[in-house]
């Protein structure tokens, strides 16, 4: 009878574990996935911050540009010309692939550039015709850096207009006052 009591007492003492070990063993199946998710999210956030420019490295906002070489008379003349109607230069349609991995998407864009009245139309048309290959190249590079989601909605289209005008003005007039007042879409289709 004493042996039976020992046998029954022995299994009970072996199966009982301290409360801390039991809760850790129960939590382990949940703890590993949670730690893995937290680590992956941290790595993804860090990589996106380091390498995720998506075109921001190529564009500079107007607030970041500095124009310290202009005199007060130049600023007054430019302010007067900005209120006067300028003239327009039409660019022919251009097709460029969008930055969509795994899917071929392209944009067909035709632009009209509104030019400041400070640039005479006769001289300006010749200037823009001479620089048309450069304009097409810059526009192709800009569009090839855009994703489909970057081209949807009024806010994104307005951002694109400003960005294209900045790229063109920086490229054509690097030391002077920008002459392209606005970029207008004549045609924009995304396929």
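All of the numbers you see were taken from the coordinates with simple rules; none came from a lab. All figures in this text were calculated on a predicted structure; none of them were measured in a lab. No Cβ is skipped: glycine too gets one built from the backbone with ideal geometry, and neighbour counts run over all protein chains shown.
The single condition from (1) part of a helix (DSSP H, G or I); (2) touching a helix residue (DSSP H, G or I) at 6+ places or on another chain (Cβ under 6 Å) that residue 183 fails is (1). When we screen 135, 98, 172, 188 for residues that are touching a strand residue (DSSP E or B) at 6+ places or on another chain (Cβ under 7 Å) and crowded, with 17+ Cβ neighbours inside 10 Å, the only hit is 98. Would you confirm, using the coordinates I've provided, whether residue 105 is exposed (fewer than 14 other Cβ atoms within 10 Å of the Cβ) and in contact with a helix residue (DSSP H, G or I) (Cβ under 7 Å, 6 or more places away or on another chain)? No. Looking at the structure I just gave you, is residue 157 more than 28 Å from residue 84 (Cβ to Cβ), assigned to a helix (DSSP H, G or I) and within 16 Å of the chain's Cα centre (by Cα)? No, not satisfied. With respect to residue 125, is the statement that it is part of a helix (DSSP H, G or I), touching a residue at least 60 places away in the same chain (Cβ under 8 Å) and closer than 18 Å to residue 90 by Cα true? It is false that residue 125 is part of a helix (DSSP H, G or I), touching a residue at least 60 places away in the same chain (Cβ under 8 Å) and closer than 18 Å to residue 90 by Cα.
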